[in-house]
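The structure appears right after this line, and notes come after that.
All of the numbers you see were taken from the coordinates with simple rules; none came from a lab. Source: prediction; values computed, not measured. Cβ coordinates were reconstructed from backbone atoms using ideal geometry, including for glycine residues, and neighbour counts include every protein chain displayed.
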Amino acid sequence: MKHFKKISLKGFKFPQKAKTPFEKITSFSRKQNKKMKKKLHKLFKKHFSKKAQKRIKKYYKVFKKVVKSKSFFLLFSIFCIYFLGKFLTSFILALQFGDWQKAQNLLSEKPEIANYSSVITVLLSFLFVGIFRNWRIGLGVLYSLATIIMYINTEKMASRNTPFLPEDLAMSGEAGGLASMINLGRFLNMILTILVIVFIAFILNKISKRIWHFNLSKKQKIAIFIPQIAVILICGFNLNSYTSEIRNLNGKGTFVKVESLKTSVDFTNQSYNYQINGFIVGTISNLQAKTQKEPNGYSKEAVQKIVQKYQKIAAEKNQNRKELSGEKVNVVYVMSESFIDPALGKHLYDYGNTEPIPYTKEILKSQSSGWAASSEYGGGTANVEFEALTGLSNFFLNSIPYTSIVPSNKDTPSVVKNFNDNGYKTLAMHPYNRNMYRRETVYPNLGFQEYKSIESFKNTSKLDNSKYISDDSAFKEVLSELKNSKKPEFIHLVTMQNHMPYEENLYNKKNFNVEAKNGGNNDSAKSIQTYLEGISKSDEALKTFLAELNKMDEKTIVVFWGDHWPGIYGEMFDKELRKNDIRRTPLFIYSNFEKEKQDLGTSSLIYNQLLVLNSINTKLSPFQFLLADLREKYPALTKQFVDSNENSEILKDYEMIEYDILNGKKYSLGDFYKIK
């Protein structure tokens, strides 16, 4: 070859100077030690005859020619894309489970799921390569994207025991607000993984350019571009058709068997769904999420039959009830962030004899009280809020109503609209980002006349090193509003003080020492110690707030509940006898005037409006009388307390009404939801 110069080295010719990129990699460098060259030469000569040497040099030339050819480059690229595409399945599952062996166990025990997932990742790999027109960059982007998604999944599982769902993408606009709540260690691991992926892609790209460097004409570039477009279209078409069966499962029921994969999909328990089927199948099963399955027998006649039944009941029973407009009682909803009774978790995390919420315990004994049946854990505040304000249950829904239903549905019924119709001023208050969970759109659609977010708060004090406005400040804002209003008010307050993360040194004083036992986690114990400090301060703020209400002349009712448990009690899910405790939060109805005390039991938040109006014996809407009948049979209507296959007549009626107003033809719209 022209780049070889003959050197007298006992008959063997070494490349003295490599000019091509290929030779820089495969030939001896001039910087290498000459002694090493001689040693290699002696070994070569010792073990190979002159005839063999000639053959080797001949084969070497052929090998180099083949390796540098376009055909070899194409085959090598296809092999890399296919291999790395298949490996992506293991990569994703390893990040999901945090354990390589668990990922391999799933793939070996469920070959149908393994093959299905591999086909998806291979198709995605070719799709990304087609889009970026470079297999190193395309796969680098795909692997980086997978790393980011799996990091989000890990964070959500850690805080809420729920996997990352496609519908969560609707929350991408709030990423900035959520950034302050992330785990720094896991975030740095994600960044490091992405940097490694980028580095590998960069090195592979450099090597490829050195070995294969083709100067293509315009015609050749066009000729290559056409197959690339074809690859994108073919992969896109195949992904759509190959995933259609799994995508269309959503809406066929809450528990669906998939014969082709020899598995099942449980839409009522997404963490279990993702655990047994893996992240890829779990995600695909939720891609085409239907907000609610249409009930059997849904029609105008069926809805009108229910409406007429409860209109008749309302007309009869309301005769002995008072007008809401004549009572002029202020009503304050307080949805306290992550407020629980930690005694329910004391078997795992012992905090000694100091009671974190002594005043709340007194109120629970002296006022109408019980447990709020929360459908969420560690997050999902908006889902809890939706139930409390509308009387409509998440039991039948497969999406986040605040992001998928209410923004485009101004006809969503709510207790807020009932108060509007009876001369009340209605106000929502939340000391945080104005548009979190799209509240800026949702609240007006639910009927709120005014919405005060953190930008409008006058009281903005924070506790010690906390990032969030304190409960004391939030309560002061409510008191100020009540004192300055000329009308009776309905105020809905969503607090923020006890929101995650629960970092050490968040509070200056430490009054609790938490010990993990019976399977509790030591890291969680540290977080719980911080959390207890927070709810203890919330308890003090609540005491001050209610004391101020007692000084006011206006009658006021406070409905207080915790939205969900903080996402630091994950071990509670492993305790079969106590698994529903993690779905209960304190609930009480307090008033600064005398009224009958009631045991509320474990009650779904859809009944809050019913409990309030019953406590002052005011008239109810036909819909609220439907809620009253429903509560007799299903006081705690959540997926954790009621079997999803439950099929009673009252539950069917309620489901049909909910479907009609949220996703149907709205045959029930009108007086059915109004208090007359």
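Ordered by the count of other Cβ atoms within 10 Å of each Cβ, fewest first, VAL415, VAL198, VAL558 give VAL198, VAL558, VAL415. Label separation (ASN617 vs LEU669): 3.7 nm, computed from points 7 Å beyond Cα along the C-beta direction.
Given their separation in residues at 0.36 nm each and the Cα-Cα distance between them, GLU504 and SER648 gain 46.9 nm when the chain is fully extended.
Among rounded, prolate and oblate, which fits the range 598-676 when a ≥ b ≥ c are the square roots of the eigenvalues of its C-alpha gyration tensor, a/c under 1.5 means rounded, and a/b larger than b/c means prolate? Oblate. For the range 392-409, the Karplus equation 6.51 cos²θ - 1.76 cosθ + 1.60, evaluated at θ = phi - 60°, returns couplings of 9, 9, 6, 4, 9, 9, 10, 8, 8, x, 5, 10, 10, 10, 4, x, 10, 10 Hz by residue, with Gly and Pro reported as x.
Under a Cβ-Cβ cut-off of 10 Å, what is the net charge of the residues other than GLU540 that fall near it, where Lys and Arg count +1 and Asp and Glu count -1? Numbers along the way, then the final one.
Working: positive: LYS537, LYS543; negative: ASP471, ASP472, ASP539.
With Lys, Arg at +1 and Asp, Glu at -1, the neighbours total -1.
For ASP99, ASP563, what ranking results if the residue with the fewest other Cβ atoms within 10 Å of its Cβ goes first?
Working: ASP99 12, ASP563 26.
Ascending number of Cβ neighbours within 10 Å: ASP99, ASP563.
The protection proxy used here, the mean number of other Cβ atoms lying within 10 Å of each residue, ranks peptides 602-611, 385-394, 589-598 as follows, highest first: 385-394, 602-611, 589-598.
Looking at the square roots a ≥ b ≥ c of the eigenvalues of the Cα gyration tensor of the range 300-673, which shape do they give, rounded for a/c under 1.5, prolate if a/b is larger than b/c, or oblate?
Numbers: a/c = 1.73, a/b = 1.37, b/c = 1.27.
Taking the square roots of the gyration eigenvalues as a ≥ b ≥ c, the range 300-673 is prolate.
For the range 273-367, what is the convex hull (Cα atoms) projected area averaged across all directions, in square nanometres? If you can, show how the numbers build up before the last one.
Values: hull surface 55.9 nm².
Taking the Cα atoms of the range 273-367, their convex hull projects to 14.0 nm² on average.
Under 13 Å of direct C-alpha separation, and excluding same-chain neighbours fewer than eight residues apart, LYS639 reaches these aspartates and glutamates: ASP266, GLU376. The distance from the alpha carbon centre of the range 348-425 to that of the range 463-523 is 16 Å, rounded to a whole number. Remark: for residue pairs LYS156/LYS452; LYS452/LYS486; LYS346/LYS526; LYS551/LYS676; LYS597/LYS674; LYS425/LYS476, the C-alpha separation exceeds 24 Å in LYS156/LYS452; LYS551/LYS676; LYS597/LYS674.
When PHE641, PHE202 are ordered from fewest to most other Cβ atoms inside 10 Å of their Cβ, what list results? The partial results should precede the final answer.
Values: PHE641 17, PHE202 13.
By the 10 Å Cβ count, ascending, the order reads PHE202, PHE641.
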